[in-house]
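Step one of this worksheet: look at the structure below.
Read the figures in this text as sums done on the coordinates, not as results from a lab. Note that this is a predicted model, so its numbers are computed, not measured. Virtual Cβ from ideal backbone geometry, glycine too; neighbours counted across all protein chains shown.
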Amino acid sequence: MRDNGFLGERLESIWKLLFGDVPKLNNVSIRFSGKSKSKFGHIARKGGDTEIVINELFRFDDVPEYIIDLTIAHELSHYAHGFNSPLKQKYRHPHKGGVVTKEMTLRGFDKMIKMEKMFFRKEWPKIYERLREFKK
C-alpha cells in the first residue's frame, strides 16, 4: 500500500523531470484524502502554501501508478497556470478550452491520457466498488 511519502517522491520526480521550467514559489505538499468516485485529485491554497490532495483509494496497488502520475501532473498543470499557486494566472478558467490536457500533452502525457480514459471507463468502477469501504 502506498503512503504520503510515496506521493512526495512522485511529486518531486514529476516536477523535476517534466515541470522543471515551472518555478516552485511556495511550499507544496501532497497527501492522500477522500474517496470520490469521480474526482482523482485537487489543488488548494492553504495560507501561503499549496496543497495537492490525491484520492485516498489510490493508495492501493489496484490503481496503476501512471494514474497517480497523471493526477499529479494534472494538478501541477493548474499550479503552472497560476491556479492555487503564487504564479500569475494564465487563464480565466482552470479547464476551459482543454488547457490542462494541452499542457499535459506538451509535457509528454498524451499516451497516458488515452490510457486513463480507458481505465476510468472500464476498470475504475469495479475498483471503486471493491475499495470504497476501505477504512484507514
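Computed quantities for the displayed model
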item	result
Rg/Rh ratio calculated on Cα atoms of segment 4-131 (Kirkwood radius)	0.94
Positive-end extreme of charge dipole, the chain - chosen from His81, Pro64, Asn26 (charges on Cβ)	His81
Under 18 Å from Lys102, Cα to Cα: lysines that are on another chain or at least 8 residues apart	Lys90, Lys111, Lys114, Lys117
Local electrostatic count, Val100, Cβ distance below 12 Å [Lys/Arg +1, Asp/Glu -1]	+2
Max mean-square fluctuation residue, GNM over the chain, Cα-Cα springs under 10 Å, options Gly47, Gly34, Gly82	Gly47
Neighbour net charge for Pro86 - beta-carbon separation under 14 angstrom, K R +1, D E -1	+3
Lys, Arg +1 and Asp, Glu -1 on Cβ, resulting dipole of segment 1-133 about Cα centre, debye, nearest 20	580
